[in-house]
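Some notes on the structure that comes next.
Each value in this text was obtained by applying a stated rule to the coordinates, not by laboratory testing. What you see is a predicted model, and the numbers here were worked out from it, not measured in a lab. Cβ placement follows ideal geometry from the backbone for every residue including glycine, while neighbour counts extend to all protein chains displayed.
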């Protein structure tokens, strides 16, 4: 069992570094492609044919890989409005666990949709109109990215379940830190004590 944990931890680190490198490459490639298209159109007076198709490919992969990265780091955008009214850590933890459970259900549904879309894309075999590359290059992004996102969402669900079981929960303290940061920022004192 310990060997499996070590392997999963190693695989997660390698996967995270790979995703981060690809995301950085995509974030550099998109503005460079846009800039190159502008240079071609306005200075060289010839359009850069296919730049819009390349941008679509890069943008789709940036979006989906960013989704996986956010799932791994638990850095999704949250509106924790209900939590602000709660007074007990246990209630907040249970609400977050419910949130993760619903996210798992949604992820399973999205994987089913993505799998059906992937099979359709393989069957039809569409290509882009200008560069003629197979559209499966970006139509495969949902299925490739939703599966690891499901893994990380299940890990988040287990994380909250373990914290509730061990009574290792202190979410109210987190909220107090946020309030203190916001007050200091509004008063012009800066935020962080680090």
What ranking of 140, 84 emerges when the number of other C-beta atoms within 10 Å of each C-beta is taken as an exposure proxy, fewest first?
84, 140
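For the pair residue 8 and residue 75, what calculated FRET efficiency results from E = 1/(1 + (r/R0)^6), where r is the Cβ-Cβ distance and R0 = 22 Å, to the nearest 0.05?
On the way: r = 20 Å, r/R0 = 0.93.
The calculated FRET efficiency here is 0.60.
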Given (i) 1.11; (ii) 1.35; (iii) 1.26, the label whose value is Cα Rg over 2.2 N^0.38 Å derived from this model
(ii)
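Using a Förster radius of 30 Å, what is the FRET efficiency between residue 117 and residue 45 based on their Cβ-Cβ separation? Nearest 0.05, please. List each step's numbers first, then the result.
On the way: r = 40 Å, r/R0 = 1.33.
E(calc), rounded to 0.05, equals 0.15.
What's the exposure ranking of 150, 48, going from fewest to most Cβ atoms within 10 Å? Before the final figure, lay out each step's value.
Working: 150 19, 48 16.
If I rank by nearby Cβ atoms, fewest first, I get 48, 150.
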So what's the gap between the Cα centers of segment 1-36 and segment 63-112, to the nearest angstrom?
22 Å
Please give the FRET efficiency for residue 109 paired with residue 32, using the beta carbon to beta carbon distance and R0 = 30 Å, rounded to the nearest 0.05.
0.25
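Please work out whether segment 1-95 counts as rounded, prolate or oblate from its C-alpha gyration tensor, where a ≥ b ≥ c are the square roots of the eigenvalues and a/c under 1.5 means rounded, while otherwise a/b larger than b/c means prolate and anything else oblate?
It comes out oblate by the Cα gyration axes.
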Angle between the chain longest axis and helix 171-186 axis [Cα atoms, degrees, rounded to 10]
70 degrees
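Provide 97, 132, 56 in ascending order of the number of other Cβ atoms located within 10 Å of each residue's Cβ, fewest first.
132, 56, 97
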Cα→Cβ-extended label distance, 7 Å offset, between residue 24 and residue 90, nm:
4.6 nm
